[in-house]
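Every read-out reported here was derived from the displayed coordinates using simple, explicitly stated rules and does not represent laboratory data. Every value quoted in this text rests on a predicted model; they were computed, and no experiment measured them. Glycine gets a Cβ as well: all are built from the backbone with ideal geometry, and neighbour counts include every protein chain shown.
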Amino acid sequence: MRSSQQPKRPSWFDRFFSYLRALKTSDRFVLYAAGLVFIIAALCSVHALSKDNLVTIPERGGILKEGVLGAPRFVNPVLAITRADMDLSSLIYSGLLKLSAEGTLENDLAESITVSDDGLIYNVVLKENISFHDGVPVTADDVLFTIALIQNPDLKSPLRGSWSGVSTEKISEREFNIILETPYTPFMENLTVGILPKHLWGGLSIEELPFSQTNTEPVGSGAYELETLKRTKSGLIESYVLRAYSQHGQTPNIDQIEVTFFSSESDLNTALTSGAITSTAYLDPKDVAVLDTERFSVYDMALPRVFTIFFNQNKTPVLRDSAVREALDTAIDKEALVTTVLGGHGIPTDVPVPAGFSTLESTSTKTTATGTDDRIAKARAILEDGDWVQSEDGVWQKDIDDTVTTLSLTLATGNTDVFVDTAAFIADAWETLGVAVEVQKYEQTDLVQAVIRPRDYQTLLFGTDIGRSLDLYPFWHSSQREDPGLNIAAYANITADDQLEVLRSSTDENERRNALQAFNEEIEEDHPAIFLYTPTFTFVVNKNIMSIPLQRIARASERFSTIADWYMNEDQVWPFFTDN
């Protein structure tokens, strides 16, 4: 009987090896070699594809060693005055808002902030599950307590003026209102102030509060918490060690920050070059210029300030002559000024708004003059067109109100290196033009009390801190001409006043932009001051530390606004292993 079962067909694998065995040895060698080349090429292709598509991501770990000049006294956002205090406060405390890398304000402790249509009520809702470093939840009571401390006149908080006329209203443990008397668009900046824990500070009297140990052993809700501190034999704080703190879903990439305090710039510079510290914002520009750029990254960030020469037209008749004001401006080579005095750490400008903070940015383009000699020649021409005559001994004269008047001036300024050096540069430029100049140097207190407050100067070299929100009102509105107002040029212009009021009250960005442009046009026409430069803040960091450079910072301590995103270690992974 014949079987119906069919013989099993050999697999393709068996057939392939049978084929190989049937080949000549030489043919088999060629085939093996070709296969090896194919495998190597495939592996190389896969490797190249992998390398091109891998994403570099931060990896947790490392210690940042920050050098700070001076010792902390009030690591407390309500009382912080010195840069050392502010630096530590920015690391340890968090506010309702913080600065983003793009220079805009973003939520920190706040989940939402809603402003009423009339601009008077700021409704704030806090995030859920946020706490201080000791584990106690952050609530509306803590925020309202911090605001009340700032407003208390007996405490003398440096922030008090920014919270004048502000009231608060608690709605729930997570929600409250902040109420203004009048609309003030720049008020949002105030919400970056660090929040104090009421359970630690609330039991202290105002008299006791400045002396509390919690000022130097702080507890906040920021990206880093205090781990240990070290004191010298005399009791001064020598260093802090801070550790990363997990808050609302984010843990900083760098595990620890060691903050060491130095009493001199030379000691700090030595520590940086030796590797004892890895970053600092306290180097002299001359030391920055000679740093090893292969070891360190140097970040220059514009601050919202403008160094300005103010004219007091009420003090001397020569300054009421527009030709004089224009010629004095034209004679100054601002680019050379920034290079010579600041070592390049500044931005020349012709406008009252800090460079980098608006579309009014300028780099000394008011005239077509290029270079000092060209500027002096153009300045002389401006004076001549204004009927000024230069005598044989080089002195400019003009008949003003039937009196022959000589063009000579005094320039008052502060007795600090940057002001003294800037004033010397200005005086040299004006004297080259033929204007006799006497530089008057004052200590800070004397400058404010004896010169600025009574408006007792002819020309004044001073700095204006406009702020990130570009609040020009205190410096240029006619209502601020008298002390304690800051309109030290005694500038009065109805059109400019109107635009400044729009800038303060409007929440419409286009309207604010147009108002700023219109205000600047009035300033250019009236020439009440000479705008010199915007200073820059310099931060030096070791190149193995990936920091996040910021835009539009208002003060040096804001360099730590993105500290949670800094990193020292990194890894490469496929994109689907990363989150957003």
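Measure up Lys65/Lys286; Lys98/Lys441; Lys286/Lys441 against 27 Å on the Cα-Cα distance and list the ones that go over.
On the way: Lys65/Lys286 22 Å; Lys98/Lys441 38 Å; Lys286/Lys441 23 Å.
Correct reply: Lys98/Lys441.
Neighbour counts of other C-beta atoms within 10 Å: give me Ile63, Ile426 arranged from fewest to most. Present the calculation step by step, with values, prior to reporting the outcome.
Values: Ile63 13, Ile426 24.
So the residues, fewest neighbours to most, are Ile63, Ile426.
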Could you give me the ³J(HN,Hα) list for region 311-318, computed from phi with Karplus coefficients 6.51, -1.76, 1.60 and θ = phi - 60°, whole Hz, x at Gly and Pro? 9, 9, 6, 7, 8, 9, x, 5
Under the Karplus curve 6.51 cos²θ - 1.76 cosθ + 1.60, θ = phi - 60°, whole-Hz ³J(HN,Hα) for region 165-171, x wherever Gly or Pro sits: x, 9, 10, 10, 8, 7, 10
Nearest 10 degrees is fine. How inclined is helix 140-151 to the longest principal axis of the chain, computing both from alpha carbons? 20 degrees
Charge context of Asp108, other residues only, Cβ under 9 angstrom, K/R +1, D/E -1: +1
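List the GluC sites (Glu not before Pro) in region 274-359 that DSSP assigns to loop (not H, G, I, E or B) and whose Cβ has at most 15 other Cβ atoms within 10 Å. Which are they? Don't skip to the answer; put the middle values down first.
On the way: sites: Glu294, Glu326, Glu335; in loops: Glu294.
Listed in order of number, the matching sites are Glu294.
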For Asn569, list long-range residues whose amide hydrogen, built 1.01 Å from N in the peptide plane, is under 5 Å from its own amide hydrogen. Glu59
Less than 18 Å from a label point 7 Å out along the Cα-to-Cβ axis of Asp373: which backbone N atoms in region 314-346 qualify, by residue? 331-337
Please give every one of the lysines within straight-line cross-link reach of Lys156, meaning a C-alpha to C-alpha distance under 19 Å, and leave out same-chain neighbours fewer than 8 residues apart. Lys198
Between the modelled labels at Asp154 and Thr56 (7 Å from Cα along Cα→Cβ) the distance in nm is 5.6 nm
Longest exposed-loop-site-free stretch of the chain, with trypsin sites (Lys or Arg not before Pro), DSSP loop and at most 10 other Cβ within 10 Å? 234-580
Under 27 Å from the Cα of Lys378 - lysines, other chains or at least 8 residues apart: Lys315, Lys334, Lys366, Lys398
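Taking 2.2 N^0.38 Å as the expected size of a compact globular protein, what ratio does the Cα radius of gyration of region 264-388 give against it, to two decimals? Show your work: numbers first, answer last.
Working: Rg = 19.4 Å, N = 125, 2.2 N^0.38 = 13.8 Å.
Output field value: 1.41.
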For the chain: relative contact order, % (alpha-carbon pairs under 8 angstrom, 6 or more apart): 21 percent
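I'd like to know how the chain sits against the 2.2 N^0.38 Å rule of thumb: what's its Cα Rg over that expected value?
Values: Rg = 32.2 Å, N = 580, 2.2 N^0.38 = 24.7 Å.
Dividing the Cα radius of gyration by 2.2 N^0.38 Å gives 1.31.
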